[in-house]
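The values are calculated or read from the model by the stated rules, or taken from the named source; none is laboratory data. Quick caveat, the model's predicted, so the values are computed rather than measured. A quick note on method: Cβ atoms are made from the backbone with ideal geometry, for glycine too, and the neighbour counts reach across all protein chains shown. These accessible areas exclude ligands, DNA and RNA; they are computed on the full protein's heavy atoms, side chains included. Shrake-Rupley method; radii C 1.70, N 1.55, O 1.52, S 1.80 Å.
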Amino acid sequence: MLSDTDHAWFAQAISEAKASGNDVPVGAIVVHDGKIIGRGHNEREEKCDPTAHAEIVALRKAAQKLGTWRLDGSILYTTLEPCAMCAEAIIQARVARLVFGAYDPLSGACGSAFNLFVQGRLYPLPEIFAGVRSDECKQMLVQFFQNRRSEK
């Protein structure tokens with residue numbers, strides 16, 4: 001069950017998604033001990049970096065802030081179901097909870113296209129809350145791609 005605080009944090013992830021500029025609107029934040037320690041939105045186009053997904057950007061900033069790659073006890077809020085790269089980074093970073101918005105049937109790695117969060121993994125798995133404000137998150141994506149197609 002998500003709290004009002006979770007929903008307030010999730011609103012911050014949505015704000016990050018809106019800052020994605022000419023990239024796919026995905027936003028993420030990492031919260032630790034009641035504070036945002038990492039923020040990110042997709043920066044692949046801006047940085048010419050295929051790994052600059054919102055979740056990776058936020059995880060990197062969080063690790064820098066804490067001075068360790070181990071983000072034990074942290075919560076990652078993201079507007080889109082993480083892909084395989086991001087899902088594995090979340091697992092490797094030891095994130096305690098993952099809260100995401102829209103499902104990604106094409107590349108989502110939390111059960112939509114496939115699932116990296118299966119029991120028996122070496123590392124502890126985060127608790128997952130899926131589908132938060134899903135319609136709103138999905139609509140941002142739909143609008144982005146409609147606009148992109150109409151520009152061509």
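In this structure SER107 has an accessible area near 50 Å², from a 1.4 Å probe over the protein heavy atoms.
Here the contact order of the chain, divided by its residue count and restricted to Cα pairs under 8 Å and six or more residues apart, works out to 18 percent. Considering all different alpha carbon pairs of the range 92-132, the Kirkwood hydrodynamic radius works out to 10.9 Å.
Using the Cβ-Cβ distance between THR68 and GLN139 with R0 set to 41 Å, the FRET efficiency from 1/(1 + (r/R0)^6) comes to roughly 0.65. Nonpolar atom fraction for the chain, defined as the carbon and sulfur part of the 1.4 Å probe accessible area, stands at 52 percent. Close amide-amide hydrogen proximity is noted between GLY38 and VAL30, each under 5 Å apart and 5 or more residues distant or on a separate chain (H modeled in the peptide plane; Pro and chain starts excluded).
Once the cut-off is 20 Å, how many percent of the Cα-Cα pairs in the range 38-149 end up in the long-distance tail?
Tail fraction, whole percent: 39.
One Cα centroid belongs to the range 114-152, the other to the range 31-67; the line between them spans 16 Å. Note on the chain: Lys pairs 8 or more places apart or on different chains, Cα atoms under 16 Å apart, count 4. Charge tally around PRO50: other residues with Cβ under 14 Å, Lys/Arg +1 each, Asp/Glu -1 each, net -4. Counting only protein heavy atoms and a 1.4 Å probe, the chain has 51 square angstrom of accessible area per residue. Pairwise inverse Cα distances across the range 104-152, averaged and inverted, put the Kirkwood hydrodynamic radius at 13.2 Å.
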